[in-house]
1. Share of the stretch 126-201's accessible area from carbon and sulfur, percent, 1.4 Å?
2. Would you tell me the accessible area of LEU245, worked out with a 1.4 angstrom probe on the heavy atoms of the protein chains, in Å² to the nearest 10?
3. On a full-extension model of 0.36 nm per residue, what is the gain between SER56 and LYS145, subtracting their alpha-carbon distance, rounded to one decimal in nm?
4. Quick one: compute the contact order of the chain, relative version, from alpha carbon pairs under 8 angstrom and 6+ residues apart, as a percent.
5. May I ask which of LYS84/LYS107; LYS48/LYS90; LYS128/LYS192; LYS182/LYS207 have a Cα-Cα span longer than 29 Å here?
6. Per DSSP helix of 4 or more residues, -39500 (n - 2.57); summed, then divided by the residues of the chain. What does that give at 222 nm, rounded to the nearest 500?
7. Would you mind getting the accessible area per residue of the stretch 71-173, heavy atoms of the protein chains only, 1.4 Å probe, in Å²?
8. First compute the accessible area of the stretch 55-96 with a 1.4 Å probe, then give the percent of it belonging to carbon and sulfur atoms.
Amino acid sequence: MFKIAALDLALKKPAPRSIPLSGPRASSNDFYAAYLDFAALELKLLVKEKEPGGYSGRLWYQERDGRDCTFLNASISSGQAAVKIEHYYKGNEFNYTSAWKFLLCQKLRWHDFQIVKARFLQRRFNKKQLIRTERIELLFYLVEKELQSPNSVFDPLYLGMQRHGRRWFYHPDRKEHEAHLKLVMNSLVATKDLKLKDNHLYVVEPKAMATLSQYEREERQHHDSMRTASMANRLAGALIGVTVLGLIVQLIKWYFGSV
């Protein structure tokens, strides 16, 4: 059975109570957290040990911490139980929601391939120049996020990772780019489009909507002016062309009339 085999493999390297997720300690991670998920019953078991004829662990009901419990192999093999395994490996986390996929990926050491791939992509990303965000562009982004999730708070570090992905954090120019984001956000605080909260968190103020509306009006006026100027230039060119053509006709008439 795939489920039993997956749980047995995961229990060979059980996760500790406290899991380091960053820093030097996380780089030596190589352990698993295995769960049995009975979605229809709203039960979830963190598997800790193998018992005769089953598995024991900590049971949650409706995401609330419950009590120690043991499930027999028969109930695990039923269609109601789904095996979910988290693999913490060298500062990374790999999630599996299928027992057979977990076994296959461990056999092929898919996690090592993913780490090599991530390092290659990071090196390639590090060669790219980070484009600095313009003030109005950033304000548009923050207002859109506020509309999607009201009462949002922002900070330069989280914002940089949101906009450019996790690799941004490891870019050699990250700190300089982060400082630029902070400077832009502080300028928006000065114009009361943002408000600084708790010394490092920013929230969108109602005035931001008025600023964006004014910007869009000015952009429309600018485009209208450009179109008007372009049309005037085309009309002037046409008039000049007609005038030149008239002069040519007059010269031709004068020449042939004098012959």
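The values are calculated or read from the model by the stated rules, or taken from the named source; none is laboratory data. Keep in mind the model is a prediction, meaning the values are calculated, not measured. No Cβ is skipped: glycine too gets one built from the backbone with ideal geometry, and neighbour counts run over all protein chains shown. All accessible areas refer to the heavy atoms of the entire protein, side chains included, with ligands and DNA or RNA removed. Shrake-Rupley method; radii C 1.70, N 1.55, O 1.52, S 1.80 Å.
1. Values: 2580 of 4940 Å².
That fraction is 52 percent.
2. Near enough 110 Å² of accessible area.
3. Working: separation 89, 0.36 × 89 = 32.04 nm, distance 4.32 nm.
Stretched fully, the SER56-LYS145 segment lengthens by 27.7 nm.
4. Details: 288 pairs, mean separation 31.4, N = 259.
It comes to 12 percent, rounded to a whole number.
5. Values: LYS84/LYS107 17 Å; LYS48/LYS90 22 Å; LYS128/LYS192 33 Å; LYS182/LYS207 19 Å.
Long pairs (Cα-Cα over 29 Å): LYS128/LYS192.
6. On the way: 9 runs with 137 residues, N = 259.
Rounded to the nearest 500, the figure is -17500 deg cm²/dmol.
7. On the way: 6520 Å² over 103 residues.
In whole numbers, the stretch 71-173 has 63 Å² accessible per residue.
8. On the way: 1100 of 2380 Å².
Solvent-exposed carbon and sulfur of the stretch 55-96 make up 46 percent of the total.
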